[in-house]
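A short write-up of the structure that comes next.
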Ligand code: 5AD
Ligand code: SF4
């Protein structure tokens, strides 16, 4: 095990890293064996699970959708908040029982929690029934670990400062129409509440050439939409020499002609005018931007280390709304950050009232061991934090509903991606602005972009019919 000391993570080496392509092992050694994978957390983890599944299927494994039928159970974990951590240990409890009945089943934990020293220590002390723990920096080694898995608990976690190992197109992608494309790994922002820079390591951008090749390849395979992925996509290229910045990358991706391009997540701090120009210029760059606010109080933003003021955020927000036609903007907000007063919270509500977001992910602050905020005085009672979250959500939901009402009777281009679970006569898909629409139409339209007339607008989704 080679985990970095959290205190030293900020004094990162600035040397450029290499991206090393590996050839995934292919064998039928595990043919007939079954795997179950459970993914917690963000899109980055979802995409990592696509890589893990691809590697396992190369070894002969088949996927099953319950842990009860599996020979190996993989938990791809998230560390961002305490409740994600609790859910993982809850599920592990069930796996432990299962293992009493089915001795041969292997339990594997990976993802962000595996990069936390305190979690690894807890596993070494109390969860020895786990067979393998591996981190976010050595997913490509999974086939080797499985082929040589010894008895007892094996911990294979690497520091997050080194080279990046990629597995080419060995992903088992969840969809045939929409795909995730990593453009960079890690984060150097060190917002004071956030564990990501510690678990995911420093910012490392992939070469634009490799990203464009992947997009071309997806387009050839018939993918309609790609989402460029990074913890902080507008920092793309800062660590590269003689390569593109994010706006330039976005433009090059747009020129491939792939039908829809999205990107997550943007940091308001270095969201440039050049980026806004490119988003406005190309029709295949979707007018949907996730722009985390976190707080509307300048005092709290400073304590969070967010690098912008409420005024700068609003200025950017208004610039995007003016320049990008019909843009939808969503956000992330944390309530109950250490020392947040009622006044600070009202500042957040004011910004929310002004922005009238299309949607928001709202969270109660969760103390993460090792982050600077964990040392700040956190004396606000939970009942107050919960009450603030409730008040915030009421306003967010009313705005989301108001925004959705504007779609009523309009025609929207909807990429139809799947069958509706509630109604077998419907497909579901997304507008250019990322609104979920349930559409009454022929099932043969799956995978196409249809003109849909919106017939009903609800708080969290729209209903529609295909227009001929
Ligand atoms: N507590 C609560 N929310 C957090 N987030 C990140 N770290 C924490 C934390 N310690 C939220 C932020 C971020 C989103 C992905 O998760 O809002 O944008
Ligand atoms: Fe965390 Fe801030 Fe980096 Fe986002 S930008 S991953 S909140 S440190």
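Since every read-out is calculated from the coordinates, none of them should be taken as a lab result. Please read all numbers here as calculations on a predicted model, not as lab measurements. As a convention, Cβ positions derive from the backbone with ideal geometry for all residues, glycine included, and neighbour counts pool all protein chains shown.
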Item to check | Computed E for residue 83/residue 391 - FRET, C-beta separation, R0 22 angstrom, nearest 0.05 | outcome: 0.60
Checklist entry - Ranked highest first by the average count of other Cβ atoms within 10 Å around their residues, in what order do 255-264, 45-54, 147-156, 110-119 fall? => result 110-119, 45-54, 255-264, 147-156
Checklist outcome for this item: Rounded to the nearest 5, the percent of antiparallel DSSP beta bridges in the chain equals 30
Checklist entry - What's the FRET efficiency of residue 141 with residue 102 using the Cβ-Cβ distance as r and R₀ = 22 Å, to the nearest 0.05? => result 0.30
Checklist entry - Just from the alpha-carbon atoms, what are the Rg and Dmax of region 333-385 in angstroms? => result 12.3, 35
Checklist entry - Under a point spin-label approximation (7 Å from Cα along Cα-to-Cβ), what is the residue 19-residue 422 distance to one decimal in nm? => result 4.1
Checklist entry - Between residue 117 and residue 377, what FRET efficiency comes out of the Förster formula 1/(1 + (r/R0)^6) with R0 = 22 Å and r the beta carbon distance, rounded to 0.05? => result 0.35
Checklist outcome for this item: One point scatterer per Cα, no solvent, Debye formula: log10 I(q)/I(0) for region 71-158 at q = 0.13, 0.18, 0.24 Å⁻¹ comes out as -0.38, -0.74, -1.34
Checklist outcome for this item: Given 390-397, 227-234, the highest-first ranking by average Cβ count within 10 Å works out to 227-234, 390-397
Checklist outcome for this item: For residue 169 and residue 66, extending 7 Å from Cα along the Cα-Cβ vector and measuring point to point gives, in nm, a value of 3.6
Checklist outcome for this item: Compactness check, the chain: C-alpha Rg relative to the 2.2 N^0.38 Å globular estimate gives 0.99
Next on the checklist: Sort 440-450, 24-34 by the packing proxy (mean of other Cβ within 10 Å over each peptide's residues), most packed first.
Outcome noted: 440-450, 24-34
Item to check | Rg and Dmax of region 330-468, Cα atoms only, in Å | outcome: 19.5, 60
Next on the checklist: Could you work out the relative contact order of region 37-170? I mean the mean sequence separation of Cα pairs under 8 Å and 6+ apart, divided by the number of residues, in percent.
Outcome noted: 23
Item to check | Separation of alpha-carbon centers, region 236-276 and region 330-370, rounded to whole Å | outcome: 27
